[in-house]
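The values are calculated or read from the model by the stated rules, or taken from the named source; none is laboratory data. Remember, it's a predicted structure, so these values are computed and weren't measured experimentally. Ideal geometry is used to build each Cβ from the backbone, glycine not excepted, and the neighbour counts take in all protein chains shown. Quick note on the areas: whole protein, heavy atoms, side chains included, nothing else; ligands and nucleic acids left out. Shrake-Rupley method; radii C 1.70, N 1.55, O 1.52, S 1.80 Å.
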Amino acid sequence: MSAAFEILLQANFWAAAIRIATPLIFGVLGALICERAGVLNLGIEGIFVAGAMAGWLAVYLGLPLWLGVAVAAATGACLGLLHGCLTVILGLSQHVAGIGITLFATSASYFGYRVAFPTVTTPPRIEPFQPLGLTWLEAVPIVGPALSQQTALTWLAFAAVALTAFVLGKTPLGLAIRAVGDSPASVDAQGLSVARLRMGALAAGSALMAMGGAFLTMSAFNAFFFGMINGRGWVCIALTVFASWRPGKALLGALLFGAFDAYQLRLQTLAGGLVPSQLFLMLPYLLSIAALILVARKADYPRALMKPYIKGER
């Protein structure tokens, strides 16, 4: 028992938890922005895959790492706009369109990989982002060394949380996005375009989702391989509800899931094979479901979420 508790006091444990949480931070922020504008984006899983593939391939072909991140973000934005054309412009089902985006983006990414590398059996490698090694942070117990081991993309994720919170909570644009997710008719009555606001939110949110995928291939790992997203997009959808559509709580939820995941890996080592590994793999998801149940009933969801807006209809 003491060994299990001591894990929580190790800097390496928290460094791993933050690394695991980073793509979730990008993803949940993206989902949050989309849903605040009234659009459920179930294309997130496929957008993760497309961002991971596009960013990695761009760097493999010779672009700098940051341009690879930009390529991933642009890829995500394009998929977000496609989702918007189907759901905002044409008014199709957000559930069906989102799942269609996931299937399309995932299949297109895997097909593109096979076309680019038809005879490769081992994924080609790139030189990924390196830890910043911020030695001035190491004086802070536990948290300082954990943060000093992170790459620039993790710090970008933290900055994105602060920027999203500021824009949604303190700016006229954020007010308009929140309003279009609650009462699009009121926004339309003010002379603002509901379609443009929702399309813009989908493009920005999907770009963040794709950057979460790019983190996996350009920071956590140094290659693209099938199945690497492993359901992270669906976790982000649940974390958005857990966060009650608030950026600060979204960060907390992602870090909690990252801590649960990192913890179960270390518990497997402590158990030494006495307990089936599948039980430990279930742990972060079971704890996430439990947390979701506790907060979901009190969540103040956007009132116009999943409701297409047609001008002139009530």
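Some observations on this one:
- Proximal charge balance of residue 19 [Cβ under 15 Å; K/R count +1, D/E count -1]: +1
- Potential lengthening between residue 135 and residue 111 on full extension [0.36 nm per residue; Cα-Cα distance subtracted]: 4.4 nm
- Pairwise FRET efficiency - residue 189 versus residue 125, Cβ, R0 = 51 Å, nearest 0.05: 0.40
- Mean-square fluctuations from a GNM of the chain, with a 10 angstrom spring cutoff on Cα atoms, peak among 229, 25, 293 at 293.
- Residue with peak Gaussian network fluctuation, the chain [Cα springs, cutoff 10 Å], from 155, 136, 14: 136
- Selection among 156, 233, 123 by position relative to the dipole of the chain gives 233 as farthest towards the positive end (Cβ unit charges, Cα centre).
- Of the solvent-accessible surface of the stretch 173-314, computed with a 1.4 Å probe over protein heavy atoms with every protein chain present, carbon and sulfur atoms account for 65 percent.
- From helices alone, the chain scores -22500 deg cm²/dmol at 222 nm; the rule is -39500 (n - 2.57) for each run of n ≥ 4 DSSP H residues, then divide by the residue total.
- Highest GNM mean-square fluctuation among 299, 31, 243, for the chain modelled with Cα contacts below 10 Å: 299.
- In this view, the solvent-accessible surface of residue 45, computed with a 1.4 Å probe and all protein chains in place, comes to about 20 Å².
- Per-residue accessible area (protein heavy atoms, 1.4 Å probe) orders 82, 270 as 270, 82, starting from the largest.
- Taking the Cα centre of the chain as reference, the dipole from Cβ charges on Lys and Arg (+1) and Asp and Glu (-1) amounts to some 620 debye.
- Charges were assigned to the Cβ only: +1 to each Lys and Arg, -1 to each Asp and Glu. The resulting dipole of the stretch 67-205 about its Cα centre is roughly 180 debye.
- Whole-number accessible area per residue in Å² for the chain, which is evaluated in the context of all protein chains at 1.4 Å: 47 Å²
- Distances between placed amide hydrogens fall under 5 Å for residue 38 paired with no residue 5 or more residues away or on another chain.
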